[in-house]
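Remarks on the structure that follows.
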Amino acid sequence: MSRFTLSRRSFLTGSAVASTSALAGCFDPLGDGDSKVRGVLESTNSLTYRVQRMLLGSDDLAREYSESEIRQPQRPNGTTSPSDADYQQLANENFASYRLKLDGLVEKPLEVSLDEIRAMPSRTQITRHDCVEGWSCIAKWTGVPLALLLDEAKVKPSARFVVFGCFDTMENSFDGPVKYYESIDLIDARHPQTILAYGLDGKPLPVSNGAPLRVRVERQLGYKMAKYIRTITLTDSLSGYGTGSGGYWEDRGYEWFAGI
Amino acid sequence: MATTTRAEPGQELARSETAGEHELASGETAGLVYRQRLATRLTHWVWAISLFFMLLSGLQIFMARPDLYIGQQSGFGFDNSVLSIGARRVDGAMAGVTTVFGHSFDTTGWLGVVPQGDGQAAKSFPGWLTIPGYRDLATGRIVHFFFAWVLVTTLFVWLAASAVNGHLRDLVPTGRDLRHLPGDVLDHLRLRFAHDGRYNVLQKLSYAGVLFVALPVMILTGLTMSPGVVAKFPFLIDLFGGRQTARTIHFVVMLALVLFFLVHILMVVLAGPLNELRSMITGWYRTSEKSR
């Protein structure tokens, strides 16, 4: 009797171990962007977005830290030195002829120089940058609130998203260079801490951190905070950009709402 | 067969009347009692599935930054790391190195440098430990957050059902339980298990520990890593001593849950896997009057 029990037990243990190793690689098809199961799993992304939008008031601020918490240079990530000719030309003359274009669903499209942006009211904030990879870094950012530029351009009521077009080429496809881009909703775009930063830790924003302008979206992860911004476009749909998911990394499977 | 005399579900955990008595060898009487209610059984298996996926997708997410730190931020210009898994080149060969509190260990083959195809790859974990098996942070996050929603929802369903059906009382150790704690520990070490249909004190403490401590800490430290959630509830950052400390706690409690799982499975196997599995699938558990 006990012999039987023992062999039954070792059989069960053996089969448990065997089934575990047989599971290896079973879930790899989830990595396929078109898989139906992945579609179901992704549906909770919009649940997360809606719940956070319900919970978070438009004025809830991300934690701001004291000067003493700045203990290291802001870690550069992603593109750190765009090789694009037009960008390098601008960088060589210290962005003197740089013009930020703001267009799309606005009454009055803008074209502003870096000096004009620096002359606008500014906001300085010491915040924690959270990368999707898992690390965090605290730094001091100075820039113009995006809301001020949106007000000046007079956003049309039909606009739903702000799309940031960037200088840096991420890869080359059959259709030509694929440049970094990102998008946020108007609630984040008008958030008091959402700034177009031109200063980092009291100095001009370095190239490695996104000069001349990088957006700060403090209640979301780092990849939402586009660097090397060339254009800002107001739109009612993200389908015309990249492959339609609202950002370079979103087109590669990352969630559009990165408040988590 | 016991089916004709089965008691109604939703009654007390340990029913004194037994269904279908069987005479055993040494005069022991054993019978089936209705031990696990439907809500308990369903939530148990939903958790089992969720935790499986959360563990493997969590390890996938961890691979994107296989370092743990203490404090608000990750030290690049200073050192506040407590654990890191990496690869180094030692004498021309790749070596997996795991560093814990400044002490480095060679973990080639398991952590840092793992078997892949016919050779080796510089990767924190072997493919069978992550979902997907290859490096894919985006998919890992999608899987992790989907099952996070399932896990949290199930926890609330279980809490509500257990408050109504009285299951919560099964988990609270009584004074008598606590007095028996040393004896119960000894019994477990001697692999003597009571089969009276009730939870013993070690079971109560470990189940309550998982449901009321480990899982809530897991959920809260997970939420503390969300830049959106902490904008609304900044006290979470202070509660856990910073976002990176929260991430470290999340990892350590994961290890505790894995340990719980291993002991849990060991106990099921030692206590009679078929009887234990039956009680968690059908609800019916065979008791013996005397403990073996």
Residue count, segment A:40-80, condition of a type outside the set (D, E, K, R), part of a helix (DSSP H, G or I) and closer than 27 Å to A:Leu205 by Cα, comes to 1
When you go through A:Ser68, A:Ser97 one by one, which is the residue that is without any contact (Cβ under 8 Å) to a residue 60 or more places away in the chain, within 14 Å of another protein chain (Cβ to nearest Cβ), among the hydroxyl-bearing types (Ser, Thr, Tyr) and over 26 Å from A:Ile187 (Cβ atoms)? A:Ser68
Which residue out of B:Val152, B:Val143 is modelled with pLDDT of 95 or more, surrounded by fewer than 18 Cβ atoms within 10 Å (Cβ to Cβ), within 14 Å of chain A (Cβ to nearest Cβ) and not in a strand (DSSP E or B)? B:Val152
Residues of segment A:134-168 being among the acidic types (Asp, Glu) and surrounded by fewer than 18 Cβ atoms within 10 Å (Cβ to Cβ), which ones? A:Asp151, A:Glu152
Can you tell me which residue in segment B:90-113 is surrounded by the most Cβ atoms within 10 Å (Cβ to Cβ), limited to those that are at pLDDT below 95 and touching a Pro at 6+ places or on another chain (Cβ under 9 Å)? B:Trp110
Criterion violated by B:Ser162 - all others in (1) under 30 Å from A:Ser43 (Cα atoms); (2) more than 21 Å from the chain's Cα centre (by Cα) satisfied: (2)
For segment B:159-175, name all the residues that are outside any loop (DSSP other than H, G, I, E, B), buried (at least 17 other Cβ atoms within 10 Å of the Cβ) and either free of Cβ contacts under 8 Å to residues at least 40 places away in the same chain or hydrophobic (A, V, I, L, M, F, W, C) (or both). B:Ala161, B:Leu171
Which of the residues that make up segment A:1-34 are outside any helix (DSSP H, G or I) and either farther than 29 Å from B:Leu262 by Cβ or at pLDDT 55 or above (or both)? A:Ala24, A:Gly25, A:Cys26, A:Phe27, A:Asp32, A:Gly33, A:Asp34
Out of curiosity, is B:Asp67 out of contact with any helix residue (DSSP H, G or I) (no Cβ under 7 Å at 6 or more places or on another chain), free of Cβ contacts under 8 Å to residues at least 40 places away in the same chain and at the interface with chain A (Cβ under 10 Å from one of its Cβ atoms)? yes
Name the single residue that is farthest from the chain's Cα centre (by Cα) among those in segment B:214-250 being facing chain A (nearest Cβ under 8 Å) and touching a residue at least 24 places away in the same chain (Cβ under 8 Å). B:Ile237
Residue tally, condition touching a strand residue (DSSP E or B) at 6+ places or on another chain (Cβ under 9 Å), at pLDDT 95 or above and within 13 Å of chain A (Cβ to nearest Cβ), over segment B:251-292: 1
Residue within segment B:40-55 that is within 14 Å of another protein chain (Cβ to nearest Cβ) and charged (D, E, K, R) present: no
Counted residues, segment B:118-139 - those being free of Cβ contacts under 8 Å to residues at least 12 places away in the same chain and closer than 17 Å to B:Ala95 by Cα: 3
Can A:Val217 be described as under 14 Å from the mean Cα position of the chain (by Cα) and β-branched (Val, Ile, Thr)? yes
Options A:Asp151, A:Asp130; residue that is in contact with a helix residue (DSSP H, G or I) (Cβ under 6 Å, 6 or more places away or on another chain) and among the charged types (D, E, K, R): A:Asp130
Tally time: how many residues in segment B:34-80 are closer than 30 Å to A:Ile138 by Cα and assigned to a loop (DSSP other than H, G, I, E, B)? 14
With respect to A:Val37, is the statement that it is within 14 Å of chain B (Cβ to nearest Cβ), assigned to a helix (DSSP H, G or I), free of Cβ contacts under 8 Å to residues at least 12 places away in the same chain and surrounded by 16 or more Cβ atoms within 10 Å (Cβ to Cβ) true? no
Scanning segment B:79-89 for residues that are surrounded by 12 or more Cβ atoms within 10 Å (Cβ to Cβ) and over 13 Å from B:Ser124 (Cβ atoms), which turns out modelled with the lowest pLDDT? B:Arg88
So A:Pro212 ticks every box in (1) in a loop (DSSP other than H, G, I, E, B); (2) touching a Gly at 6+ places or on another chain (Cβ under 7 Å); (3) crowded, with 24+ Cβ neighbours inside 10 Å; (4) away from chain B (no Cβ under 14 Å) but one. Which box is left unticked? (2)
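The values are calculated or read from the model by the stated rules, or taken from the named source; none is laboratory data. Predicted model, so just to flag it, every value in this text is computed and none were measured. Using ideal geometry, Cβ is built from the backbone for each residue, glycine included, and neighbour counts are taken over all protein chains shown.
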